[in-house]
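Novice: Below are the structure tokens for one structure; questions will follow.
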Amino acid sequence: MRVRSRHFKTALFGLVWLLAIASGVRVLLSYENTPGRVGNVPNHWPADSGIDRATDRSTLVMLVHSQCPCTRASVAELAKIMARVHGKVRAYVLVSKPHDRSAEWVDTAVWKAASAIPDVSVLVDVDGEESRRFGAETSGHTIVFDSTGRLIFVGGITESRGHEGDNTGENAIVSLLGDQNAAVPRSTSIFGCSFGNQQKKDKLCPN
Amino acid sequence: MSELTRPLDLLTGRADELFREQQENTYRDTDRLFARLMFLQWIAAVVAAVVITPFTWDGEARAVHIHVWAAIFLGGAITVFPIWMTRVWPGAAITRHVIAVAQMLMSALFISLSGGRIETHFHVFGSLVILSFYRDWRILISATLVVGLDHFVRGIYWPYSVYGVLGASPWRSIEHAGWVAFEDIFLVISCLRSIREMRFIANRTAAVEASERDFREIFELAPIGVVVVDLDYRFVRVNSAYCQITGYSAEELAMRRSLDITVSDDVGATEEMSRKLHNEPSPYYFEKRYVRKNSEICWVGCTVSLIRGQDNKPLYILGMVEDISERKKTQSELTLAKEEADRANRAKSEFLSRMSHELRTPLNAILGFGQLLERYKLDEKQKSCLDHIKKAGRHLLDLINEVLDISRIEADRLKLSLEPVSVTDALREGLDLVRPLAAEHGITLVGPIGANADSHVLADRQRLKQVLLNLLTNGVKYTPTGGEVCVSYETNDSGIRIKISDTGIGIPREKMSRVFTPFDRLGAEQSGIEGNGLGLALCQRLVRAMQGTIGVESVPQRGSTFWVHLSAADSPLKILSQKQNVTVDKAPSLFTEARTVLYIEDNFSNLMLVEELLKGEQNVELLTAMQGRIGLDLARKHAPDLILLDLHLPDLPGWDVLNQLQANDATRHIPVVVVSADATRQQIDRLTAGGARGYLTKPINVTEFLGVLSSSMNGEVVNHSAAA
């Protein structure tokens, strides 16, 4: 009788176990594959931007949250892009920093990884001013303008949250930098932490 | 029961049992290993998540990253169930399969938490290897199925998460699963090999167990005590028979040393045994006494051997111990009985000796006066009566002499002088003595027949002649008229065999065993042939005393052959020429004046030897006598300068001759040198005290002989003779 009870308990526990694991995996997958928000991205290079746009080639800007662990994958993918395009683009990584935070706020693995990429300028974006100009709501937001300042690409360069590897954004950017008329997606989903720009907006305009 | 005769199914059954036991232990041990491993992996996942992705951010606001929660809760979910299974179903197949599935899920979690880093894929391969610790290839199937399913589903929906590419064909999944299967093949081979080894070990262990059980049973059920002690005599192992002998239980003995229960007088012998064991090859037997628990003393016979280690270093002493108390008691009783019997026998011999002496005295008168009466004129009837008296007297005298001889032999008081005796001489003398009797019975005497006329045996001359005469007389007496008695001898490797064959009535087979029994005439007492039944018994004892053997072969109505086998000996002359290499002819002369030497000796070979030795002495005249009385007469008549005296003479003992020489004024001054084979100190002292000037032992040493001869005749006392 006790053995039968033990069998039953085992079967029940096993079933619960499988369900729990399935549920957990589902939540995890859902989280990893849910893209972040995208703000109002200008079609042309914002005139009030403090960044120097290149006129002889395209300009790539990636806006990142210094603390976001998922962004390390985006920076790694940027490194691959830069390796593949061989100087066809001027690249910037703008690391957001609240004005009241010390310099240590940006001195993170993301900063270090970005700084290590050749031909990439890493800049501090105090209080997310540039982020707002470029309509960035999510860390890893990548935008590309051509030499005339026209927007040719906006989106993320990872296929899911924090996941390195082949992705649509990277392939599109590389293609567009070679041929601006290439038949590739001009926008992709962005996976990363939020810059909190929406929060700030909400604070400013609660309604 | 040896391994060969043990039923195979019993051995196989035990081997199966051992194999299952070992397998069960492996499963349980590996279950425990995985329980700990999974817990550690869980902790590692949480730590990794906290370190790598602690928070997710929304501007400046942060929240715990979902990876941390996944590590805690999903990792916990993956871990808890298999750990619970190891507690509830340890060693069960379902537990192994759950662990296999969980371990692969843990791999998937690690891959996910690391953002799909390729390095974390190695966790899958490592996990498969660790799963093979179970030595159960079937769980690799469960694990591989989980991996394959994971790759298949992800390959379809999230290929970048597993392959790092945006789109992957189904072949990619097959390729990935193929690598896992590749590893699986070797792990399965390894598992099967391990199982074979486990089976082999189980078979060997079962065989060793069986052998050990047999040994234990033999050890325990051995009818004699078996004990193992270390080199300090501490008990290591004892069987029940040993406990029974000592009265102590095995537990009580375990706290003692072997020496503690050994009688203190025997401790030295025990330690000596131990020392000998180290030097001599085993085994070694000795006897000692134990003090039983109830304080009784018991005798034990111990056969001990040394047990050495692989490096030949002595480790233990193995002893087979037998209680010999009863045997010792019986031995002691037997010794006492033998001593008692010997005493009784000596008393009997003493009695016979005294009785013989007491009987001889009146017999002397009977025979003496009987012979005296012959000188008177007697009528036929008186003569017939006198013959009866003399015949009965002689018969009684023979009987007394033979009884006396037998009693002397049994009392070990018979004095023998073993020396080389010429076989042909002895046989001729015997034949000469029996010839009148043979003629009277109409019996033809043949012989002696032999290849080597110079054959010598080691014997006492008088006693050998007595034996031969007895056998010849029997042959003549028991052979019908017209028959034949043949005497021969032959030499073989072990000595010389003298045969006396007759064509007489023979001895029936059933009576052969009684031939040498005293007073048993085998029914001849009915035949009217004279005899007392002691002759052959005496012959047997005399031959044995001369270290020879005697036997008989007989065919009824066809005749008998009695044989005497004695050791061969070299003749004195041969010994002389071989050992001393003395050329007597060339020896310088010892005496310038004329000397006379009398040699009283019944052995013709010895007489010849002395003659030969003195041949070179021009001034020495040698007189010889083969009997004591003749020697005394010659001594009185010639007053020689020296008498050489043998002790064993046919008519008088040499001792009597010496006494008579010393007793007579005419001969007292003549130096006497005894020449005898009897070299005992007691005999030499006795004769020297009795008046002998010197003592020479046979075989004669020429230098000493001549030295003694010279010294004696020059008036020196030579009591430091060669033998002395």
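Novice: Show which lysines lie in cross-link reach of B:LYS313 when reach means a straight Cα distance below 16 angstrom and same-chain residues fewer than eight apart are skipped.
Specialist: Output for B:LYS313: B:LYS276.
Novice: Which ³J(HN,Hα) values, rounded to whole Hz and listed in residue order, are derived for the range B:495-505 from phi using the Karplus coefficients 6.51, -1.76 and 1.60 in 6.51 cos²θ - 1.76 cosθ + 1.60 with θ = phi - 60°, glycine and proline given as x?
Specialist: Ordered by residue, 3J(HN,Hα) equals x, 10, 10, 9, 10, 10, 10, 10, 10, x, 7 Hz.
Novice: In degrees between 0 and 90, to the nearest 10, how far off the longest principal axis of chain B does helix B:604-614 point, with axes built from Cα atoms?
Specialist: 80
Novice: Considering only the other residues whose Cβ falls under 10 Å of the Cβ of B:LYS465, what net charge follows from Lys and Arg at +1 and Asp and Glu at -1? Don't skip to the end; give the middle numbers.
Specialist: Values: positive: B:ARG461, B:ARG463; negative: B:ASP425, B:GLU429, B:ASP460, B:ASP602.
Around B:LYS465, the surrounding residues sum to -2.
Novice: Computed over the Cα atoms of the range A:58-203, what is the ratio Rg over Rh, Rh following Kirkwood? Present the calculation step by step, with values, prior to reporting the outcome.
Specialist: Details: Rg = 14.2 Å, Rh = 15.0 Å.
Taking Rh as the inverse mean 1/r over Cα pairs, Rg/Rh reads 0.95.
Novice: To continue, here is another question. Quick one: B:VAL457, B:VAL300, A:VAL41, fewest Cβ neighbours within 10 Å first, how do they rank?
Specialist: On the way: B:VAL457 27, B:VAL300 24, A:VAL41 17.
Neighbour counts put them in this order, fewest first: A:VAL41, B:VAL300, B:VAL457.
Novice: In degrees between 0 and 90, to the nearest 10, how far off the longest principal axis of chain B does helix B:628-638 point, with axes built from Cα atoms?
Specialist: It is inclined by approximately 50 degrees.
Novice: If all Cα-Cα distances of the range A:5-120 are sorted into 10 Å bins from 0 onward, what percent lands in each bin, rounded to whole numbers?
Specialist: Histogramming the range A:5-120 at 10 Å steps yields 11, 28, 28, 13, 9, 8, 3, 1 percent.
Novice: Hey, another quick one. Rounded to the nearest 20 Debye, what is the dipole magnitude of the range B:419-569 about its Cα centre when Lys and Arg each give +1 and Asp and Glu each give -1 at the C-beta? Write out the running numbers ahead of the final one.
Specialist: Values: 15 positive and 16 negative charges, 67 e Å.
Dipole size: approximately 320 debye.
Novice: Something else: With both bridge residues required to lie in the protein assembly as shown, what share of the DSSP beta bridges run antiparallel, to the nearest 5%? Intermediate values should be presented prior to the final figure.
Specialist: Values: 72 of 110 bridges.
That works out to approximately 65 percent antiparallel.
Novice: By average Cβ neighbour count within 10 Å, what is the ranking of B:400-406, B:286-292, B:559-565, B:17-23 from highest down?
Specialist: Working: B:400-406: 19.4, B:286-292: 17.7, B:559-565: 21.1, B:17-23: 15.6.
My ranking of the peptides, most packed first, is B:559-565, B:400-406, B:286-292, B:17-23.
Novice: Under unit Cβ charges (Lys, Arg +1; Asp, Glu -1), what dipole magnitude, rounded to 20 debye, does the range B:330-410 have relative to its Cα centre? Provide the component values of the computation, followed by the final result.
Specialist: On the way: 14 positive and 14 negative charges, 99 e Å.
The dipole of the range B:330-410 has a size of about 480 debye.
Novice: Can I ask one more? Please tell me which of these pairs span more than 32 angstrom C-alpha to C-alpha: B:LYS328/B:LYS511; B:LYS383/B:LYS477; B:LYS391/B:LYS415? Walk me through the intermediate numbers first.
Specialist: Working: B:LYS328/B:LYS511 39 Å; B:LYS383/B:LYS477 25 Å; B:LYS391/B:LYS415 29 Å.
From B:LYS328/B:LYS511; B:LYS383/B:LYS477; B:LYS391/B:LYS415, over 32 Å: B:LYS328/B:LYS511.
Novice: Report the Cα-based extents of the range B:222-323 along its three principal axes, largest first, to the nearest Å.
Specialist: Between the extreme Cα coordinates on each principal axis of the range B:222-323 lie 40, 26, 24 Å.
Novice: Apply the a/c threshold of 1.5 to the C-alpha gyration tensor of the range B:602-661 and tell me whether it is rounded, prolate or oblate. Please report the intermediate quantities before stating the final value.
Specialist: Working: a/c = 2.45, a/b = 1.41, b/c = 1.74.
In terms of gyration-tensor shape, oblate.
Novice: Let me ask something else about it. Give me the base-10 log of I(q)/I(0) for the range B:281-321 at each q in 0.28 Å⁻¹, Debye formula, one uniform scatterer per Cα, rounded to two decimals.
Specialist: Each listed q corresponds, in turn, to -0.90.
Novice: While we're looking at this one, here's another question. Quick check on the range B:114-224: what are the equivalent-ellipsoid semi-axes from the Cα gyration tensor, as sqrt(5λ), descending, whole Å? Walk me through the numbers on the way to the answer.
Specialist: Working: eigenvalues 527, 26, 15 Å².
The three semi-axes for the range B:114-224 are 51, 11, 9 Å.
Novice: Once Rh is set to the Kirkwood radius over Cα pairs, what Stokes-Einstein translational diffusion coefficient, in µm²/s, holds for the range B:330-410 at a temperature of 10 °C and a viscosity of 1.306 mPa s?
Specialist: On the way: Rh = 15.1 Å.
This corresponds to a translational diffusion coefficient of 105 µm²/s.
Novice: In whole Hz and in residue order, list the ³J(HN,Hα) couplings for the range B:213-229 that follow from phi through the Karplus curve 6.51 cos²θ - 1.76 cosθ + 1.60, θ = phi - 60°; x for Gly and Pro.
Specialist: 5, 4, 4, 4, 5, 4, 4, 6, 8, 4, x, 10, x, 10, 9, 10, 10
Novice: Can you tell me the 0 to 90 degree angle between the C-alpha axis of helix B:702-713 and the longest principal axis of chain B, rounded to 10?
Specialist: Orientation of helix B:702-713: about 40 degrees from the principal axis.
Novice: Taking the radius of gyration and the Kirkwood hydrodynamic radius from Cα positions alone, what is the Rg/Rh ratio for chain B, to two decimal places?
Specialist: Working: Rg = 52.9 Å, Rh = 37.4 Å.
Using only Cα positions, Rg/Rh for chain B is 1.41.
Novice: Just to confirm a number: summing +1 for Lys and Arg and -1 for Asp and Glu over residues other than A:TYR92 whose beta-carbon lies under 10 angstrom from that of A:TYR92, what do you get? Walk me through the numbers before you get to the answer.
Specialist: Details: positive: A:ARG53, A:ARG90; negative: A:ASP52, A:ASP125, A:GLU130.
Result for the neighbourhood of A:TYR92: -1.
Novice: In a shell of Cβ-Cβ distance under 12 Å around B:HIS456, excluding B:HIS456 itself, what net charge do Lys and Arg (+1) and Asp and Glu (-1) give? List each step's numbers first, then the result.
Specialist: Values: positive: B:ARG461, B:LYS574; negative: B:GLU419, B:ASP425, B:ASP454, B:ASP570.
Charge balance in the 12 Å sphere: -2.
Novice: In the protein assembly as shown, if every C-alpha pair distance is counted and binned at 10 Å from zero, what percent goes to each bin?
Specialist: Taking every Cα pair in the protein assembly as shown, the percentages come to 2, 8, 10, 9, 8, 7, 7, 5, 4, 4, 5, 5, 5, 6, 6, 4, 2, 1, 0, 0.
Novice: Need one value for A:16-26: mean number of C-beta atoms belonging to other chains within 10 Å of its residues' C-beta atoms.
Specialist: On the way: counts 2, 11, 4, 1, 7, 9, 1, 3, 10, 9, 0.
Per-residue shielding by partner chains comes out at 5.
Novice: Also, I was wondering about something else. Any aspartates and glutamates with Cα under 15 Å of the A:LYS80 Cα? List them, leaving off those in the same chain fewer than 8 positions away.
Specialist: Correct list for A:LYS80: A:ASP119, A:GLU159, A:GLU164, A:ASP166, A:GLU170.
Novice: Oh, and also: Provide the three semi-axes, in whole Å and in decreasing order, of the ellipsoid equivalent to the range B:265-380 as defined by the square roots of 5 times the Cα gyration tensor eigenvalues. All intermediate terms of the calculation are to be shown ahead of the outcome.
Specialist: On the way: eigenvalues 903, 68, 19 Å².
They are 67, 18, 10 Å, listed from largest to smallest.
Novice: Can you pull the Kirkwood radius for the range B:419-569, inverse mean 1/r over Cα pairs, to one decimal in Å? Before the final figure, lay out each step's value.
Specialist: On the way: mean 1/r = 0.0653 Å⁻¹.
After inverting the pairwise mean of 1/r, the radius is 15.3 Å.
Novice: Can you give the translational diffusion coefficient of the range B:383-442 in µm²/s, computed by Stokes-Einstein from the Kirkwood radius over Cα pairs at 20 °C and 1.002 mPa s? Working shown, then result.
Specialist: Details: Rh = 14.7 Å.
Value of D from the Cα-based Kirkwood radius: 145 µm²/s.
Novice: I've got another one for you. What's the average, rounded to a whole number, of partner chain beta-carbon atoms within 10 Å of each residue's beta-carbon in B:64-73? Display every interim value, and only then the final one.
Specialist: Values: counts 0, 6, 6, 7, 0, 4, 6, 0, 0, 4.
Whole-number average of other-chain Cβ neighbours for B:64-73 is 3.
Novice: Per residue of A:160-170, count partner chain C-beta atoms within 10 Å of its C-beta, then hand back the mean as an integer.
Specialist: Details: counts 5, 5, 10, 9, 7, 12, 8, 4, 2, 0, 1.
Mean shielding by partner chains, rounded to a whole number: 6.
Novice: Another one. What are the equivalent ellipsoid semi-axes of the range B:8-199, built from the alpha-carbon gyration tensor (square roots of five times its eigenvalues), in whole angstrom, biggest first? Walk me through the intermediate numbers first.
Specialist: Details: eigenvalues 260, 90, 23 Å².
Calculated on Cα positions only, the semi-axes equal 36, 21, 11 Å.
Values quoted throughout were computed directly from the atomic coordinates according to the rules given, and no laboratory measurement underlies them. All values reported here derive from a predicted model rather than from experimental measurement. With ideal geometry, Cβ positions are generated from the backbone for all residues, glycine too; neighbour counts draw on all protein chains shown.
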